[in-house]
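The values are calculated or read from the model by the stated rules, or taken from the named source; none is laboratory data. This structure is a prediction, so every number in the text was calculated from the model and none was measured. Here Cβ is always computed from backbone atoms with ideal geometry, including for glycine, and neighbour counts include all displayed protein chains.
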Amino acid sequence: MGKSFTGALCFLLLLFQLEAGPGVKPMAPRGLPAHITPPKNFISRRIIIPPWFLGLLGTGDNPGDRLRQARIDNGMSIRDLSMASGLTTVTISNLEAGRTTASLLTLRKVTQVLGVPVIYFGYFESLPEDTLGQRIKKARLNHGLMLKELAAIVGVDEKSLCHWEMDRHVPLKRHLDKLLMIIPGLNRDGGF
């Protein structure tokens, strides 16, 4: 919705009239021009508009909304998070608004400050999980691990791990067992 349409809709909602019950003294609604007189059995009621309607806070169903909610839950302003994470206020604002997508390094900086796991933000929820390689990659990203880091933990080179994630090769049983220990919930057959 455009800003002018949303503003007009909010104005109309604020002027919304409700029928007065018995014993309630009618009063003129606020904001009406002087030449308009409301019916005697109507009163003006203040309506509380939820923040999600105004677009001030999101619904929490996307990474930007989750980032904003985690920041607010920690009692931080965008400037506070910027100073603590080393990111610019513009970057954080763009992430919250959904104008940009965070890199894994950016996500790690933010999650360290906010004390939430990378998976909380849901950037990687839409990645496919049809093959073992796709499940390995999704699990690695959801745990906030760079390719180099997971390769070092498993004891293979980055190229081998990259080939597993692209389904060019299948990990040996010993490497797969180590992956299953490192990334809980990853299984050979499907899903997490």
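Brief remarks follow.
- Filter result for the condition that a residue is under 30 Å from residue 171 (Cβ atoms) and of a type outside the set (Lys, Arg), over 84, 97, 102: 102
- Checking residue 126 against (1) more than 12 Å from the chain's Cα centre (by Cα); (2) at pLDDT 90 or above, the condition it does not meet: (2)
- Single unsatisfied condition, residue 182 versus (1) touching a His at 6+ places or on another chain (Cβ under 8 Å); (2) farther than 28 Å from residue 64 by Cα: (1)
- Residue count for segment 147-161, restricted to those that are assigned to a helix (DSSP H, G or I) and either over 24 Å from residue 109 (Cβ atoms) or hydroxyl-bearing (Ser, Thr, Tyr) (or both): 3
- Residue 87, sole failed condition from (1) surrounded by 13 or more Cβ atoms within 10 Å (Cβ to Cβ); (2) within 16 Å of the chain's Cα centre (by Cα); (3) in a loop (DSSP other than H, G, I, E, B): (2)
- Identity of the residue in segment 95-146, acidic (Asp, Glu) and outside any helix (DSSP H, G or I), that ends up farthest from residue 74 (Cα to Cα): 130
- Among the residues of segment 116-124, none qualifies, meaning not one is surrounded by fewer than 15 Cβ atoms within 10 Å (Cβ to Cβ), within 23 Å of residue 150 (Cβ to Cβ) and without any contact (Cβ under 8 Å) to a residue 12 or more places away in the chain.
- Cβ-Cβ contacts under 7 Å between residues 6 or more apart (or on different chains), taken from a first residue in segment 83-107 that is of a type in the set (Asp, Glu) to a second residue that is surrounded by 14 or more Cβ atoms within 10 Å (Cβ to Cβ), are listed as 96/64; 96/67; 96/68.
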